[in-house]
Structure formats: structure tokens, C-alpha cells
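To start, the structure itself, in C-alpha cells.
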Amino acid sequence: MSVAATTSPAVGTLYVSPSPRSRGMPRVTMALRSNVVSVGSILTKLQQDCATPLPIIRDVADSMTADMRAGLAVDGGSNLKMILSYVDSLPSGNEKGLFYALDLGGTNFRALRVQLGGKEERVVATEFEQLSIPQELMFGTSEELFDFIASTLAGFAEKESEKFHLPHGRQREIGFTFSFPVKQTSIDAGILMKWTKGFAVSGTAGRDVVACLNEAMERQGVDMRVSALVNDTVGTLAGARYWDDDVMVAVILGTGTNACYVERTDCIPKLQGPKSSSGRTIINTEWGAFSDGIPLTVFDRDMDAASINPGEQIFEKTISGMYLGEIARRALVTMAGEGSLFGRAVPNKLSTPFALRTPDICAMQQDNSDDLQAVGSILHNVAGVESSLSSRKIVIEVCDAIVKRGGRLAGAGIVGILQKMEEDSKGTIFNKRTVVAMDGGLYEHYPQYRSYLQDAVTELLGSEISKNIVIEHSKDGSGIGAALLAATNSKLRIRRLVHDLIIRFILLQNRQGKTRLAKYYVPLEDSEKHKVEYEVHRLVVNRDPKFTNFVEFRTHKVIYRRYAGLFFALCVDITDNELAYLECIHLFVEILDHFFSNVCELDLVFNFHKVYLILDEFILAGELQETSKRAIIERMGELEKLDCYFFTHFAQASSHLVTLQILDRNCFFYPSFSIASVSQSAFMECQRFRSLKLWQLPNSAQENEESNG
């Protein structure tokens with residue numbers, strides 16, 4: 001027999017036509033709920049794959065902690081980049097002045113200015129302007145994107161009102177929030193590692209993004225300077241810490257997602273060179289790349305395969321606002337195609353990638369009406385479908401399954417960070433108030449997402465500990481935080497420039513590694529000094545003489561020269577002039593040779609105090625003070641004369657003083673002998689040295705001296 005099937009939104013009708021042998025028998029019509037079963041099975045499978053019970057989110061939290069440690073141990077140690085932010089000093093509240101902030105955090109770009117008034121007034125005034133990034137710029141060239149940013153900034157700066165005051169002669173300074181993976185080399189420089197969040201701008205990866213912005217501002221005639229380059233999470237932490245000292249973690253949940261936290265420098269094995277004086281720094285986790293233990297659906301895998309970065313940013317693709325709506329759309333397309341959720345055909349608008357956005361599914365979940373009219377309106381306007389009440393309810397369940405998974409996974413990630421901090425601090429995180437600052441449109445505007453996130457944190461930590469963990473929304477934290485870090489960095493800029501440009505240390509070592517002179521101009525622990533001396537010796541002694549006399553050392557460089565069996569080595573900034581410092585070393589050796597008349601290693605050993613005197617005449621506080629060999633030799637000659645003069649008269653006065661003491665003690669044996677009979681020169685020498693307060697004469701001698709004039 002032949003079979004013909006027709007469908008309707010709720011019922012599948014199976015019509016069986018009579019075969020030649022059954023003609024004359026009545027026709028049979030069957031009504032089966034075939035499509036409802038199909039839609040139901042797809043929904044059930046989706047809910048099962050998205051399920052995040054306690055064991056799963058606990059595994060995610062533990063994996064997050066383990067990946068953090070691996071990423072801190074060595075670059076490339078895990079999917080988490082664990083990037084150093086170079087933010088060692090957070091805002092104190094004393095910052096004053098006018099500062100700007102640029103925030104490129106996803107599909108939106110924002111320019112902000114803030115007038116800071118110090119401890120008393122804090123934030124005096126703020127103004128901002130927000131624009132959407134044109135779609136074509138997200139796939140354009142680096143020059144096009146940064147020219148757009150610079151021109152927007154120029155127009156915004158022209159609208160500066162009277163509420164904002166810039167001191168005369170000061171240049172406007174910017175905190176640049178750049179919310180993409182960047183390997184920072186300093187507080188105001190960083191190399192873009194790769195684009196995320198749907199961006200694919202050519203010509204930027206591998207370049208300093210601050211340099212890209214500076215070049216664009218120069219092309220647009222904008223007279224500003226970038227003082228701080230920060231990630232949006234770092235900016236959020238700084239902005240929240242400005243008002244609350246208990247803030248230790250910051251999380252962005254918006255178009256994309258990321259997290260950062262305050263880390264102890266002694267817990268960062270990959271951190272080389274001098275550590276911050278505060279002993280803490282901010283680590284940018286780039287947790288969007290995390291992938292261990294995340295429950296995925298077929299729709300996640302299909303979306304990932306069709307993305308511009310397949311196999312990457314899995315955590316971000318399951319919890320951030322860029323993708324939640326798209327996952328839901330793909331599930332609805334499958335239900336519409338295989339289960340006829342919206343009728344016989346799949347609407348063309350629904351088949352368009354990213355047609356259903358996260359704000360749409362958020363709005364649908366807020367519909368509490370009996371007929372879900374708002375849901376129907378959104379489906380009609382966005383997807384071009386006419387929906388029944390039953391199909392609207394299925395849509396709500398699809399959205400809830402995807403959002404619930406995203407919120408609970410985000411909560412597990414937060415607990416993973418807190419666990420790591422708790423283990424390292426030995427119980428100082430969970431036992432006191434600890435604030436997690438949250439920012440981003442997804443967290444701010446999606447109440448169901450917030451609720452699921454908080455529920456996961458409470459389940460993982462328990463009701464008692466979770467009372468100490470405050471998850472707090474920080475409105476516009478990243479923008480204000482960037483301006484605050486620009487202010488903080490501006491305040492420290494001169495000190496930092498001096499610190500960066502000075503000679504960091506000078507070493508004189510023989511071939512056996514014995515250090516004959518070591519002068520450090522930056523603070524280092526004794527253990528670190530020993531380590532530096534060992535590393536420098538191995539570096540220069542084993543280096544082929546055919547190679548240049550300068551070599552990279554950690555984040556700086558060592559410039560050295562060998563004279564007989566001694567190696568003279570300076571450590572300077574990586575950008576400093578090598579030839580200038582080679583001349584500096586040679587001049588130092590010439591001065592030593594002239595002063596000691598054909599200097600040798602023993603001269604340095606037995607006259608080390610004079611070597612340090614020469615060095616201080618030549619280099620002071622790490623900066624060259626005098627480059628004239630003649631001037632330095634003349635000064636050392638004067639010091640030698642003063643030293644001889646002081647020693648001669650010191651010895652003479654000492655001998656007279658001993659004579660006075662003997663006479664004073666024994667004068668009663670010789671009634672006719674007076675202390676006044678001692679030569680006048682002795683009294684003059686003693687009186688002069690006593691006026692210098694090098695010592696005081698004994699009381700009895702003083703009395704005799706006074707009684708005898």
C-alpha cells in the first residue's frame with residue numbers, strides 16, 4: 001500500500017490509501033502525535049546534555065584551580081594564559097585630576113572621562129559616550145579599527161564641559177581597556193595574542209596595541225597619551241577596589257567573559273626578575289579558553305565548528321552573551337526542522353546565524369503572562385514565525401536549559417579561583433569577607449542567570465562559607481577602573497621612568513665567579529642577589545668571545561667587558577644604548593688604572609672602600625653623574641688629601657690627649673708641674689678636634705684646662 005503523510009503544528013496525520021487488493025474496503029485515517037514526540041525527545045536530550053549537577057560543577061571548579069596553577073608555573077602550561085597585568089598598585093583614593101578611559105570590550109566601544117578629587121571628593125564628575133562597532137570593522141584592518149576609535153575619542157574630547165579641569169601644561173592621559181588576550185610587557189604596552197568575541201581584524205596580532213592606538217591618534221591629531229593598558233576585568237577590579245578594600249576577584253559576563261584576581265607574587269613561579277614591593281599583582285586569567293569537564297551539546301559542537309576559532313574559547317562559548325542566544329537558535333532550528341515546532345517549514349529568518357540574540361532569550365524568560373504574548377512577539381519579530389502557546393513553552397524550556405548551564409558553570413569558575421587563593425593563603429579567603437566584583441550586560445540584565453550563578457557558588461562552598469563571599473555588581477567598573485589606573489600610573493610615572501632608565505646593578509667578577517664588587521641600584525633580596533650574580537657569571541664567562549658584549553638577561557640586558565681576568569658587567573633596560581654603556585665600563589677601568597697605577601685584582605680586594613668611592617663619584621643612584629675622567633681623578637685626589645690630613649692630625653691629637661690624661665692623673669706627685677706646661681700646640685689640636693665633636697676630653701682634663709686658661 002502507498003503511504004502519504006501530512007503534518008500540523010500539534011498533530012501528525014497518517015493517511016493510508018487503499019491498495020488494488022483492498023478496494024472496496026473502508027479507508028483508514030490515523031492521527032499520531034509524531035512531531036510532539038520528536039520535539040520532546042530533542043528537548044529532553046538538550047536538558048540532559050546541559051545538566052550541571054553538583055559533581056559536574058565541582059569537577060569544573062577543581063579543574064579550573066589546577067589549570068590556574070599550571071598556567072602560573074610556565075607560559076603555555078595550560079589553556080589558561082594567566083597573564084601578568086603589571087598592575088602592582090591599585091587606586092588608593094588620593095588620585096586627583098582629569099583622566100580619560102577607552103573601553104573596547106566587544107561589540108560596543110565606549111569613551112569616558114572622569115574628574116577625580118582625592119579622598120574627600122572621590123569621583124567629582126563623569127561623562128561617557130558609547131557606540132557600536134560597525135560589523136565591517138570587526139573584520140577590517142587594524143588601521144580602520146583604530147582610526148575609528150581615535151576619531152571617536154577626538155569628537156568626545158571636543159565636548160569637554162566646564163566640570164572638567166586639566167592643569168595648564170598637562171597632557172590628557174588615557175586608561176585603555178582592551179578586552180582581548182594581550183601579553184603585556186609593561187603597564188602601558190602589550191602585544192595582542194589573538195582576537196576573540198567574533199573579531200578578526202587583520203594586521204594587529206603580534207603588535208603592540210598601544211602603539212596602534214598612538215599611531216591612529218597621531219593620524220587624527222589627538223593630543224593624548226596612554227598611561228595604562230588594562231583588561232576589562234583588571235579595570236573592573238581596580239574600579240571596585242577604589243570603593244571596597246575587600247574586592248579580590250573581578251569577573252566580566254557580557255558579550256564575552258573573563259576573570260582576574262589579586263595574586264601573591266611568591267605564588268607565580270614564571271615571574272622573573274624583581275617582584276613588586278607590595279608582594280601582590282593582578283593576574284588576568286583569560287578563563288574563556290578553559291575547557292576541562294564542560295558539558296556540551298550537539299548544538300555547541302556545531303556552533304564551535306562554524307565559528308572563526310573552532311576548538312578554542314570553549315568556556316566562553318558556553319557561558320557568555322555572545323553565544324547563548326545562538327545555541328538556543330540552533331536548538332530551535334533543529335526542533336523546527338525535525339519536529340515541525342513552528343509548522344511545516346523552517347522560517348528563513350530563524351535559519352540566519354545569530355538572528356536570535358541573548359537579550360531576546362532574556363526578554364522571553366521575563367514573560368510571566370498566561371499566554372506568553374511577549375514570547376510570541378519576539379519570535380515573530382526576530383524569527384518570523386507564528387507560534388502556539390505550546391511551542392512558546394518549549395522555547396522557554398530551551399532557553400532555561402542553556403542559561404542554567406551557563407550560570408552554574410560561571411559560578412563553578414568563580415569557586416575555582418577562590419579555592420586557589422584559599423589554598424595559597426592558608427585560610428584567609430573563606431574565613432573573612434571577600435568580594436567578587438561583577439560587570440557586564442549579561443550579569444546585569446539577566447536575573448535568571450544571576451540566580452543560577454549564585455546557587456552554584458552556594459552549593460559548592462556550603463551555606464556558611466558562602467555567606468563570606470559577596471558577589472557584587474560593579475556598574476561601569478571597567479571604564480572608571482581604567483581611568484583610575486591611568487591616574488595611579490601617572491602619579492608613579494616619573495618614579496617608574498627613573499627606575500626603568502637607571503643602571504640596575506654593576507658587578508665585577510673574576511673567571512672563577514668570585515664577586516669583587518657588587519653595587520645594586522634596585523631593591524633585591526639577598527637570595528635574589530646571589531642568584532643574579534651566579535646567573536650573570538655563567539652568562540658572560542661561557543659566552544663565545546666572537547659574540548657581542550651585550551646579551552639579554554631576564555627582561556633586561558647585560559653589557560659586559562673583560563679586562564685580564566675580570567669581567568665588568570652592567571644590567572640596563574632592554575632599549576638602552578649598548579655602545580654608551582660599553583664606553584662607560586671602559587671609562588671606569590681607566591679611572592681605576594690611573595688611580596691605582598696599573599690596577600690589578602688585588603688592588604680591588606685590599607682597597608675596596610676606595611673602589612666604591614670612585615664608583616660613587618662616577619655613578620650615583622644608578623645614573624651617570626660624571627663622564628670626565630679628569631674631573632673624577634681630581635676629586636679623588638682631593639679626597640686622598642683630606643684623608644691623609646685627617647689621619648695625620650687625628651694621630652697627633654690622639655697622642656696629645658694621651659699625654660694630657662697621664663699628666664692629669666699624676667700631677668699630684670709633681671706639685672711644681674702644671675698642665676699648662678704642655679705645649680700650646682697640643683691644646684690647639686685637642687681643642688680643634690673637640691669642636692668637631694669627634695670626642696670629648698675627660699672631665700678632669702677639661703676642668704684643668706679651664707682653670708689654667
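Computed values, structure above
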| quantity | calculated |
| --- | --- |
| Dipole in debye (nearest 20) - the stretch 242-395, about Cα centre, beta carbon charges: Lys, Arg +1; Asp, Glu -1 | 320 debye |
| Label-point separation in nm, Ser425 to Thr44, each point 7 Å along Cα→Cβ | 4.7 nm |
| FRET efficiency, 1/(1 + (r/R0)^6) with R0 22 Å, evaluated for Glu158 and Glu136 via beta carbons | 0.30 |
| Accessible surface, the stretch 540-591, averaged per residue in Å² (probe 1.4 Å) | 50 Å² |
| Whole-number percent relative contact order across the stretch 482-631, with pairs defined as alpha carbons under 8 Å at least 6 apart | 22 percent |
| Accessible surface of the stretch 213-301, 1.4 Å probe, proportion on carbon and sulfur as whole % | 44 percent |
| Most positive-pole-ward Cα, Gly175, Leu131, Ser142, against dipole of the stretch 119-179 from beta carbon charges | Gly175 |
| Only Lys, Arg (+1) and Asp, Glu (-1) charged, at Cβ; the stretch 338-472 dipole about Cα centre in debye | 200 debye |
| For the stretch 548-621 versus the stretch 104-158, the gap between their alpha-carbon centres in whole angstrom | 48 Å |
| Shape call, the stretch 312-387: gyration tensor on alpha carbons, a/c limit 1.5 | oblate |
| Cα gyration tensor, the stretch 170-246 - rounded (a/c under 1.5), prolate or oblate | oblate |
| Charged-residue dipole, Cβ positions (Lys, Arg, Asp, Glu), the stretch 126-173 about Cα centre, Debye nearest 20 | 260 debye |
| Sorted peptide list for 388-394, 538-544, criterion being average Cβ within 10 angstrom, highest first | 388-394, 538-544 |
| For the stretch 69-195: rounded, prolate or oblate by the Cα gyration tensor [a/c cutoff 1.5] | oblate |
| Potential extension, Asn510-Phe354 segment - 0.36 nm per residue separation minus Cα distance | 49.4 nm |
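The values are calculated or read from the model by the stated rules, or taken from the named source; none is laboratory data. Small disclaimer: the values here were computed from a predicted structure and weren't measured. Cβ coordinates were reconstructed from backbone atoms using ideal geometry, including for glycine residues, and neighbour counts include every protein chain displayed. For accessibility, only protein heavy atoms count, side chains too; no ligands or nucleic acids. Shrake-Rupley method; radii C 1.70, N 1.55, O 1.52, S 1.80 Å.
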